[in-house]
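Structure record follows, encoded as structure tokens.
The values are calculated or read from the model by the stated rules, or taken from the named source; none is laboratory data. Keep in mind that what you see is a predicted model, and the values were worked out from it rather than measured. Glycine also receives a Cβ, built like all others from the backbone with ideal geometry; neighbour counts cover every protein chain displayed. These accessible areas exclude ligands, DNA and RNA; they are computed on the full protein's heavy atoms, side chains included. Shrake-Rupley method; radii C 1.70, N 1.55, O 1.52, S 1.80 Å.
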Amino acid sequence: MKTSWLSSIVLLIVLTGTGFARDQIRVEARLNGETHTVTGRVDFSIAPRNLLYDELVFRLYPNIVIPDSLAGGITIDSIAAGGESYTSGHSQKTKTDYCQSLGKPVAVGQSLEATVWFTTRIPEMANRFGRVGSHYTLEAWYPMLAPWGTDGWQSIEYREWLEPNADLSDIAVTFSYPDSLQLIAPGFQDQTSEILTKTASLRLEQASDLPLVLSQRFTGEDSNINGVSLRIYYRDHCAFIVDSVREVAANTLAFMGDNAMPYPFDELTIIIGGLNTSGGLEMPRMVLMQEPSPTMLHRGFLNAVVHELVHQWFYGIMNSNQADHPWLDESITEYFSVAVNQRTNNGRPDVVNALGMTAFQFTEERLIGRSSFGSVPMNRAGQAFFDNREYYSAVYGKGSLTIMTIMRLMGPEDERLFWQEYVGAHRFTSVKPNDFMTIADKYLPPTEHGSVEGILGHVAPLDWQLLDLSNTPFSVSLVDTTGTDSNKITVDYAAYHPLGYPVDLRIEFIDGTTFDTALTPIAGRHRFELSTTIPATGAVLDPEYKYAIDVNLLNNSNVREGSRGAGLRLSSGILYLVESLFSSLWGF
């Protein structure tokens, strides 16, 4: 087909940036409260791709979270695409992928209209997608287009701990449901009522999904935070936590606005008690949390709220392939949740601070991730993890500490510039690891040996150790007739599997002054010597905790002259019972 020079320019613009313009998705569906099924159709206006393709691949995500396919999941009833209708004889189905071959290939620059008729069965007690009584949590509840990669549609081997993965689209939903239920969803526009039925119209732009929660007896409170309409839903027995949730939401919006980019949407919904299982769950413009216990310490619950809210940036704005590269959203989100909580609590313990017991989230991350420090890379593909425990340890615990290490090596100013450049360059696109690494390498200190990729993939147990500190007086006449130097300080230290970036050494003197220098990251045992008039009383390796993934922070500091060993160094600075126990065992 011939095109004019103007249409060629338009096509070039369309196919740059994210690779293609956003798809338009329109869903018409109905929930049957008796059979617990959703039936409907999805109309796809599929924008031009940058490669020829002769098939459509749809993602049936609920099929992975349902152990028994008869109990729940999605089935595709029929498909129409490009003016042709298809039956099951033309398709190939795996557990989560539905591949429909097309009678006519779709050329580069050509759009496609397709319609899928589907039935979704909603199971009981499923982790992320399901129902408990009359409470429905619907995530990725309709057939979704598989993400588009460099070679075409992506097929992903899902595991039960992996989340839905889709490109950002403009999504409009018309949803009918029993009038006995309350619908809570982002993008609400209007609603009509008929006999026993309500029909809502919803719309989200630049979103990977349009989630729905249907339930009963929720109370909603609205507030405005710098132009963002914050809606918090809860049941009466959870009213005690609402003010605290609102406060941490405001703090998170402010912190992320300062350090990444301002929240770009006009609404944000938090449902306390919206999740059937423990923890929290991020959704586009909406967060679901378990119910907090009125008898427990609530700092951990509020920290989880922060984590789910940060996801509104790291996968809501910076979309990523959560199945192949989970660290791009989970590790970064967990890192930012620690940073938000540290700012919110002004340096006070942000996990436990009651009854004389204290604990920091930094220490908690080390407890979670330490089993992965010397064995599992944090940037492994999601399907490659052995089980949920290994995944959580490496991606959340070690992952957040790895991102922390990268950022502390940059320093506060360069870190802020990095996040602003990274988010500014890739917002509302599906980022890849190289997008992160290319920009991060610009802000790390120059070195011949290190790289962001090397830090992300680091597996061997990193450890910097101070071994000994000594002062040796010597004769002034043999060294300096001016008498300015009369003491030689010797610091013995070791480096195991260093990352390729220098580590700071701080020497403390008897008069309260200090001397700072940087040590070369070469594996082995080494000695640093310094001549001075003042005796040294102590030394600290990595005084600012830049190397958060050092396996043993305990032996990095407080070596005293004549002590022949490392002193105690707790990340909390307070002798918290549990932390002290693990510090004595593993050096947290």
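Odds and ends about this structure:
- Some residue of segment 330-344 being open to solvent by 30 Å² or more (accessible area, probe 1.4 Å) and either aromatic (Phe, Trp, Tyr) or out of contact with any Phe, Trp or Tyr (no Cβ under 9 Å at 6 or more places or on another chain) (or both): no
- Residue check, VAL213 in contact with a helix residue (DSSP H, G or I) (Cβ under 7 Å, 6 or more places away or on another chain) and open to solvent by less than 20 Å² (accessible area, probe 1.4 Å): no
- Residues in segment 445-483 that are at pLDDT below 85, part of a loop (DSSP other than H, G, I, E, B) and open to solvent by less than 60 Å² (accessible area, probe 1.4 Å): PHE474, SER475, ASP480, GLY483.
- Note on segment 301-315: among residues that are over 15 Å from ALA250 (Cα atoms) and at pLDDT below 95, the one that is least open to solvent (accessible area, probe 1.4 Å) is PHE301.
- As for segment 305-319, it holds at least one residue that is over 12 Å from the mean Cα position of the chain (by Cα) and not in a loop (DSSP other than H, G, I, E, B).
- Taking segment 485-552 as the region of interest, the strands (runs of 3 or more DSSP E) fully inside it that hold 2 or more residues being among the acidic types (Asp, Glu) and open to solvent by 30 Å² or more (accessible area, probe 1.4 Å) are 503-509.
- Residue count, segment 129-185 (criterion: in contact (Cβ under 8 Å) with a residue 24 or more places away in the chain, in a loop (DSSP other than H, G, I, E, B) and of a type in the set (Val, Ile, Thr)): 1
- Residues (part of a strand (DSSP E or B), out of contact with any Ser or Thr (no Cβ under 8 Å at 6 or more places or on another chain) and surrounded by 16 or more Cβ atoms within 10 Å (Cβ to Cβ)) located in segment 94-111: LEU102, VAL106
- Residue within segment 219-230 that is out of contact with any Gly (no Cβ under 6 Å at 6 or more places or on another chain), polar (S, T, N, Q) and within 20 Å of GLY382 (Cβ to Cβ) present: no
- Complete set of residues in segment 377-395 that are at pLDDT 90 or above, in contact with an Asp or Glu (Cβ under 6 Å, 6 or more places away or on another chain) and surrounded by fewer than 24 Cβ atoms within 10 Å (Cβ to Cβ): ALA381
- Subset tally (residues that are small (Gly, Ala, Ser), touching a residue at least 40 places away in the same chain (Cβ under 8 Å) and either assigned to a helix (DSSP H, G or I) or open to solvent by 50 Å² or more (accessible area, probe 1.4 Å) (or both)) for segment 415-444: 1
- Qualifying residues in segment 17-56 (those that are of a type in the set (Val, Ile, Thr) and under 32 Å from the mean Cα position of the chain (by Cα)) - the one farthest from GLY73 (Cα to Cα): THR18
- Tally, over segment 274-300, of residues that are within 17 Å of ASP243 (Cβ to Cβ) and surrounded by 21 or more Cβ atoms within 10 Å (Cβ to Cβ): 3
- Residues that are open to solvent by 30 Å² or more (accessible area, probe 1.4 Å) and closer than 17 Å to LEU302 by Cα, drawn from segment 218-234: ARG231, TYR233
- Check on PHE360, under 25 Å from MET437 (Cα atoms) and either in contact with a strand residue (DSSP E or B) (Cβ under 7 Å, 6 or more places away or on another chain) or among the hydrophobic types (A, V, I, L, M, F, W, C) (or both): no
- When ASP151 is tested against (1) surrounded by fewer than 19 Cβ atoms within 10 Å (Cβ to Cβ); (2) of a type in the set (Asp, Glu); (3) at pLDDT 95 or above, just one condition goes unmet, and that condition is (3).
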